[in-house]
Amino acid sequence: MQRKIVPDVVREQKLAQVPETMTVRDAASLMAKRHIGAVLVMEGARLIGIFTERDLMSRVVAAGVDPDRTPIGQVMTRNPDTIGGDEAAIEAVRKMQRFGYRHLPVVQGAQVVGIISVRDLYAAVLDELEEDIKDRDAFIHGTAYGVSN
């Protein structure tokens, strides 16, 4: 079975959406508190950016930027690539691999419905492999395929 991003990988997420005026320190604190690697930067209901651990390291720490005085709007990734919720999970894997992303916002139409991470995709792939093994085992042993004894 080919898994779709919504609902097979992304289910009822509590999205971390922040304004571009939030300081880097506050965004990093939110990320640490929620154990997440990225926040979605919103202007009302519109996605305008993403702020990730990578942005924090390369655009703030390595650049010597003051996290208490810098709004994430100055150091976020603007207009991030997205993926549709009806796309296959493998398409997210391909896009993330091709561009080196670890997080990808998920949209349906113009609405942000989630964010997918490499960790989410690992879990989905593991679930799919386990299902395949069970199906093959059932086929080999003649269970669940209508074989009567």
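Data overview
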| quantity | calculated |
| --- | --- |
| Test: ASP81 is part of a helix (DSSP H, G or I), over 20 Å from ARG11 (Cβ atoms) and among the acidic types (Asp, Glu) | no |
| Candidates LEU47, LEU30, filtered to the one that is in a strand (DSSP E or B), at pLDDT 95 or above and surrounded by 15 or more Cβ atoms within 10 Å (Cβ to Cβ) | LEU47 |
| VAL41 being without any contact (Cβ under 8 Å) to a residue 12 or more places away in the chain and in contact with a Pro (Cβ under 9 Å, 6 or more places away or on another chain) | no |
| Some residue of segment 88-99 being in a loop (DSSP other than H, G, I, E, B) and touching a residue at least 24 places away in the same chain (Cβ under 8 Å) | no |
| Residue selected from segment 50-77 under the condition part of a strand (DSSP E or B) and within 16 Å of the chain's Cα centre (by Cα), by the criterion surrounded by the fewest Cβ atoms within 10 Å (Cβ to Cβ) | THR77 |
| Residue among TYR122, TYR145 that is modelled with pLDDT under 90, part of a loop (DSSP other than H, G, I, E, B) and aromatic (Phe, Trp, Tyr) | TYR145 |
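Residue-wise test of (1) at pLDDT below 95; (2) in contact with a Leu (Cβ under 6 Å, 6 or more places away or on another chain); (3) not hydrophobic (A, V, I, L, M, F, W, C).
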| position | (1), (2), (3) |
| --- | --- |
| ARG3 | yes, no, yes |
| VAL10 | yes, no, no |
| LYS14 | yes, no, yes |
| MET22 | no, no, no |
| ARG54 | no, no, yes |
| ASN79 | no, no, yes |
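The values are calculated or read from the model by the stated rules, or taken from the named source; none is laboratory data. Remember, predicted model here, so these are calculated numbers, not experimental data. All Cβ positions, glycine included, derive from the backbone under ideal geometry; neighbour counts span all protein chains shown.
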